[in-house]
Amino acid sequence: MEIRNVQRTGNMHYVYLPTLWCKKYDISSKSKVGLETMNDGSLNISSFIVKRQDKSVNLNVLEHDQDVLIKLVVACYINPTRSFKIKLGKKINIPEFLNQKDITSGLEFVEVDGLNITYESSMTIDEPDSLLKTLVRKVKNLLVVMINDYNIKLINKYEEEIDKSKTLIYKATIGALSFHEKSNLKPLELHYIALISMNLEEIVDHLRFVDKNEKDFLNNVLGITNKIKLILENLNEFDYKQVLELTKDILRLDNITIKDVRTYDKKRVKEHLVNLSEVLLDWSVTKELEKT
């Protein structure tokens, strides 16, 4: 690697381009070069300028199982595509397909005309950390509804919004990691955010089936969620000491013996809370390493 000194004039910083490189690519004082900031903080300088192209995917699929197709649609959606088209070999039941949970919770730009599934959007997502803060607030609100006013319609609405937030976080994360989409976050931070969002969504998937009379359990989970919320709203400031306190609170939850479906859901809530605390602890240690 060649090392060059950074020069400064006023508020401008600059380095000289290598003479041999300029000669090789016919770079002169009248030329323009392309600049691209990479996820690892490096700056890529190219001798040519490539206009950013909207990415699209076109697939031909013979599969007609709707559950399988929905998984494919979600996979296309969470990738950084501005559009995609899936051409089917057999017509599908449109109302039944669009009524599926995974389609209704965030994929509002997906269209189905029987033999084609298409998506077109100019929407970009570059703040998964903000989406994560929104997600955990919704988890807290869902718990409050379960404890104070068990409104099943509102609970289902919150679950749908939480699923949507997780899907958008995945879309932003894959875009940043795979195609250098705009992000102020480091790749490892994106990784941690995706794992946290996954565990929060899994917690809610099981939490909504916990008996509404389990007030002590729900209140304890609400207290834990408030601590998680505090950490996620201050991602630049949290440390391992906070996470250790959170972990102790989670481990203090009752040891749950599975007797039926509802006790199974309680146990799964605790397991995903433990998983989430482990991700936060990993992240806190990463932050400590960055200080050295």
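The values are calculated or read from the model by the stated rules, or taken from the named source; none is laboratory data. Please read these numbers as outputs of a predicted model, since none were measured by experiment. Please note: Cβ atoms are built from the backbone with ideal geometry, for glycine as well, and neighbour counts cover all protein chains shown.
Numbers for the structure displayed
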| quantity | calculated |
| --- | --- |
| Exclusive hit being under 22 Å from K140 (Cβ atoms) and surrounded by fewer than 18 Cβ atoms within 10 Å (Cβ to Cβ), set E233, E288 | E233 |
| Residue pairs meeting the criteria (Cβ under 9 Å; at least 6 apart or on separate chains; first over 17 Å from E271 (Cα atoms), in the range 199-219; second among the aromatic types (F, W, Y) and surrounded by 18 or more Cβ atoms within 10 Å (Cβ to Cβ)) | D211/F217 |
| Any hit, the range 192-214, residues being more than 27 Å from T286 (Cα to Cα), acidic (D, E) and not in a loop (DSSP other than H, G, I, E, B) | yes |
| Selection count where residues are out of contact with any Asp or Glu (no Cβ under 6 Å at 6 or more places or on another chain) and surrounded by 14 or more Cβ atoms within 10 Å (Cβ to Cβ), scope the range 76-90 | 9 |
| Criterion violated by D129 - all others in (1) buried (at least 16 other Cβ atoms within 10 Å of the Cβ); (2) at pLDDT below 80 satisfied | (2) |
| Hey, N220 part of a helix (DSSP H, G or I) and either aromatic (F, W, Y) or at pLDDT 90 or above (or both) or not | yes |
| Single residue of K171, K186, K212 found to be under 19 Å from L142 (Cα atoms) and basic (K, R) | K212 |
| Some residue of the range 166-179 being under 15 Å from the mean Cα position of the chain (by Cα), surrounded by 21 or more Cβ atoms within 10 Å (Cβ to Cβ), at negative phi and among the basic types (K, R) | yes |
